[in-house]
Each structure stands twice: as C-alpha cells, then as structure tokens.
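The structure appears right after this line, and notes come after that.
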Amino acid sequence: MSDTQYSWDAEYDVVVLGSGASGQSCAVYAARHGLSVALLEKMPQLGGSSAFAEGHAAFESDEQEKRGITVTKDEAFRTYLDYSHWRAEPALVSRFVENAAETIRRMREDIGAEYEEVTITAPEQSGELVTWHLPKGEVAQLLLLLEADARRHGVDIFTETPAKEILTEDGKVIGVRACDADGEEVMLGAKAVVVGTGGYASNPEMFNKFYKHPIGEKLIVVGSPGNTGDGITMVLQAGGSLSPSIGTSLLFPFMRNKTVTSHTNNAGMQPYFWVNSEGYRFTDETVGLNFGFAGDVVAALPGSFYWMVLDSATIDHLVNNGNEVGLGIYVRNYEKLVNLPTEIAADAENSENVVSADTIAELAQKMGVDPDILAGEVKDYNEACHSGVDSKFHKNAKYLHAVETGPFYAIKMETGAMITMGALRIDDKMRALNDSGEPVRGLYVVGCDAGGMYGEAYALTVPGTANGFALTSGWLSADDINARIHAGEL
C-alpha cells in the first residue's frame, strides 16, 4: 500500500461491496487466485436480489449441448444489440456472450452446482432464446455454494457492514470506509474495490431521478430492500460516471400484498381484458407475454396500475385449462390455477385490490370508474371476442376471452420492480470509467450496478441475463484484478 493519511484496521488486495451473485462470484475467484479478500454486505444476510432468481443465461454451453440445444454466441450478440436498438455497449456485450458458458462450467466444476434444466421463461413469447440454465435449488442454492467456497478460501465476510465511502489517492483506489454491525467506523485498505450493490430499486428518490416515470414511491419492490443505490453514489464520488442506460429497470405487473406464488396475482397478469383507472381498455394485452414490456406499460398509466377484469367463465378456464403466462418457476407456464376460486373470493372479501360483483355496473362502482364507460368497453370487447377480430388493438384471437358470466372480478395490478440495472459506465474489463472514458484505477463495477448490457429495457427474450451477467462479470473482474496486481499495476 502507498503512504496515506488513513490508518487501516485491516488491509486486503480486494474489497468487494455487495454479496449478490456478482459480489460473491468476484470474491470467490479473487480468493482462488490467492488474493486476500473482504466481502462487505450491509444487510443481515447474504444474497441480495440474486437470492430471488431462478437461473442464468449462457450460450454454446456444454449443458445446452448435451440437451441438443443450440444458441450460438453470434445469435446471442445480435439479439442483445438488436433488442437494445444498438444502445448497448458492443464490447461489453461480446465479453459477456463469450464467457457466459465458462461461468456454467465454473459454477458446476469449481462450486458444485448441478444444472437440472435449460429452458425458456415464456413459451408464448416470440423470439425467446433457450438460455435459462436452472441450477438445482435455483440461484439461492448456488449462492450458498459460493459462500461456502468463499469461506473455504479465506474470504473475510462481514454482514451488517455497509460501506460509506470508496477512498482514493491521486486518482487511485486505496480503500473503503465502512461501518460495522456495532456502528463503529472500519477503515479497510485495498488495492482494488469491486462494487456490486445491486442497483437502486429500493430508493424511491433515486428511482424517480433516473427512471422516465417518477413512480418510486408507488413501486412494489420484490427484490432486496438493501438495493438503495449506495454503490452508485460511492463510485460517482470516487470519480466514476453514469452510463447512458442508467434508467433501465425490470418492471412487471404485480398485485400489492401478494407473493410471487399467488394465483390471484398470476390471473391478473394474463393477457385478457385490462382497463385503466378510468375504465378504458388501453392496449393489446398480449404485451403481458413479455412481463418487462408490460411493466413499462403499467408504469406509464395514470396511477401506475390497471384493472384485470374477468368473469367466472375465465376463472374456470384458468383452473381447468391453465394460464397463458407464468411467473418464472413460482407459477409455471400453463399451470392450472387450482387455488384461484378460493383465493380470489377471499381477496374480494379482505383486500382493496380485488373487487367482485354480480353485474358490470356494480363492479364499476367498486372499482371507482364510470359504469357507462366500463359497460361500453366490455360490450366492445365481447363483440371482438365473438367475432374473433379485435379491430381496436389487433390482439390475437387466441387470447380473447369474453366478460359475460357473473360473478365478475377486477384485480388491481400495480407496478412491481425486481431490479434496476445499467447504472455506471464501465469497460469490458468491468473497470469503472470517469467522465473522460478513462478507467478509475483499482475501481470495478459488476452486476446490476454496471451499465452497458441494455438499452431502454431488460432483454427478456434472453432469459437469465441479469444473473448470467452478474456471475460472469464477478469472476471476470477478479481475473483482471489478479493480472494487474501481479503486473504491478494496482
């Protein structure tokens, strides 16, 4: 370490901020290189939003090959760039695409993961690549395996220890100021600092600043409550800069006060008959087949919500024939929603988010909309259902389910948020870049804090991208740090 005005409580080669997939991947592989590593997590438990994830993306992996699945790296690269309207950073996208299969190998052979399935998330969504690698026990189990490997290789892990400042000297990172679980200041010297603090979905003020609609206070955040943008703030203070994709978020329709396994919530996501806060139908509901697109649509609505209006015949369809779109592994695609009749009836009795009535006029009153408006929209929609032609929004006739058989229900679906991504500008080595595009020496950004993988929207047609990039960017940063330390550059 260079001479400095700080007195260190401990000194490390690498200090990693955040213990999600990106942070743990970095910590494990830095330690496997023989580097001394500290992993700081501000929450009481490790995992971040990655603990909620199911699988991760890869291309030309041996797991795909042994299942007869072909998704080439060329195809993946073009899909990412086209999906982003070429706003993604080609060099970064290429680095991920080229190395994601190596992540699968490392997680299996080094960490002990076992992959049970490679699939897609939404069969009804067009153009989806078969890239979703599902490990046994999902990513939550993979994180436990990573933690165990980190401890075996001597990583010092500190929970309830938020970083407060990334310390620099002459444009180079030299350490971190943190606060331990007892509220005491901790000064850690470091040759490199890696930031993987998971974005800012749980910070309404920051969300309002960067997302195109100021709905931060209304969001239903499904990811970690610890994702409050701390790392982003610290990187900017240390000389980093914002990515052009800073506002990219993974939003989706969600029912407040429900879990991801709820059948009422899943019914509310189906691409049937949606109306806005005034009772008007507003879109081709098949946007819901890509829940990220649907989330963006809902966020832009007045009040950032819609009502899913359905009748008893549609409930019978969902129970007996199954849904059209699931929610990851929590409610599977084509799953029969056998709990729906009991659950939605209970919700109508006990929740403000579901109302029921024997007539459309009464339902409208409970929804707080003009009965004439809703009745007119239901009439037009039912005519489209019977003719098989939706001249208003051109929806595929497969998804036209009439609203005719009482009792009727309306489910209030609001804007949920899983993660934000695309925050900070980095190069393809995961190094933070300053306003001039030069690396901040010793400062790395990984996972959802990193920018460059996306344009305006998360690429749901390549399922598992966020966790694939998190795991891959983690070990790539560790490899680069190790090489530069041994070359005397850090």
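The values are calculated or read from the model by the stated rules, or taken from the named source; none is laboratory data. These figures come from a predicted structure and were not determined experimentally. Glycine also receives a Cβ, built like all others from the backbone with ideal geometry; neighbour counts cover every protein chain displayed. Protein only, heavy atoms only, side chains kept; ligands, DNA and RNA dropped before computing areas. Shrake-Rupley method; radii C 1.70, N 1.55, O 1.52, S 1.80 Å.
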Identify, from the list Ser245, Ser224, the residue that is within 25 Å of Pro44 (Cα to Cα), modelled with pLDDT under 95 and part of a loop (DSSP other than H, G, I, E, B). Ser224
Tell me, yes or no, whether segment 315-328 has at least one residue that is in contact with a helix residue (DSSP H, G or I) (Cβ under 7 Å, 6 or more places away or on another chain) and of a type in the set (D, E, K, R). yes
Can you pull out every residue in segment 48-65 that is touching a Leu at 6+ places or on another chain (Cβ under 7 Å) and crowded, with 24+ Cβ neighbours inside 10 Å? Ser50, Gly55, His56
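Listed here are the residues, each with its yes/no results for (1) of a type in the set (Ser, Thr, Tyr); (2) closer than 25 Å to Tyr458 by Cβ; (3) assigned to a loop (DSSP other than H, G, I, E, B).
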site: Val260; (1), (2), (3): no, yes, yes
site: Ala267; (1), (2), (3): no, yes, no
site: Gly279; (1), (2), (3): no, no, yes
site: Asp316; (1), (2), (3): no, no, no
site: Ala346; (1), (2), (3): no, no, no
Residue satisfying condition, being open to solvent by less than 10 Å² (accessible area, probe 1.4 Å), under 30 Å from Val173 (Cβ atoms) and touching a residue at least 24 places away in the same chain (Cβ under 8 Å), within set Ala432, Ala417: Ala432
Looking at the structure I just gave you, is Thr415 among the β-branched types (Val, Ile, Thr) and touching a Leu at 6+ places or on another chain (Cβ under 6 Å)? yes
Hey, could you check segment 66-82 for residues that are out of contact with any helix residue (DSSP H, G or I) (no Cβ under 9 Å at 6 or more places or on another chain) and under 23 Å from Ile329 (Cα atoms) and say which is most open to solvent (accessible area, probe 1.4 Å)? Lys66
Grab the strands (runs of 3 or more DSSP E) fully contained in segment 107-210, keeping just those with 1 or more residues being at pLDDT 95 or above and under 21 Å from Leu460 (Cα atoms). 115-119, 132-135
Check Glu278 against each of (1) at pLDDT below 95; (2) open to solvent by 20 Å² or more (accessible area, probe 1.4 Å) and name the one condition it does not meet. (1)
Would you check if there is a residue in segment 13-34 being surrounded by fewer than 22 Cβ atoms within 10 Å (Cβ to Cβ) and part of a strand (DSSP E or B)? yes
Within segment 325-363, residues closer than 25 Å to His56 by Cβ and either open to solvent by less than 30 Å² (accessible area, probe 1.4 Å) or among the hydroxyl-bearing types (Ser, Thr, Tyr) (or both) come out as Val325, Gly326, Leu327, Gly328, Tyr330, Val331, Tyr334
Please list, ordered by first then second residue, the pairs with beta carbon atoms under 6 Å, 6 or more apart or interchain, first in segment 203-217 and at positive phi and among the polar types (S, T, N, Q), second open to solvent by less than 40 Å² (accessible area, probe 1.4 Å) and outside any helix (DSSP H, G or I). none
Quick one: which residue in Ala100, Ala88, Ala163 is within 19 Å of the chain's Cα centre (by Cα), open to solvent by less than 60 Å² (accessible area, probe 1.4 Å) and over 17 Å from Trp475 (Cβ atoms)? Ala88
Can you name the residue in segment 284-314 that is outside any helix (DSSP H, G or I) and either modelled with pLDDT under 95 or within 16 Å of His213 (Cβ to Cβ) (or both) and, of all such residues, is most open to solvent (accessible area, probe 1.4 Å)? Ala300
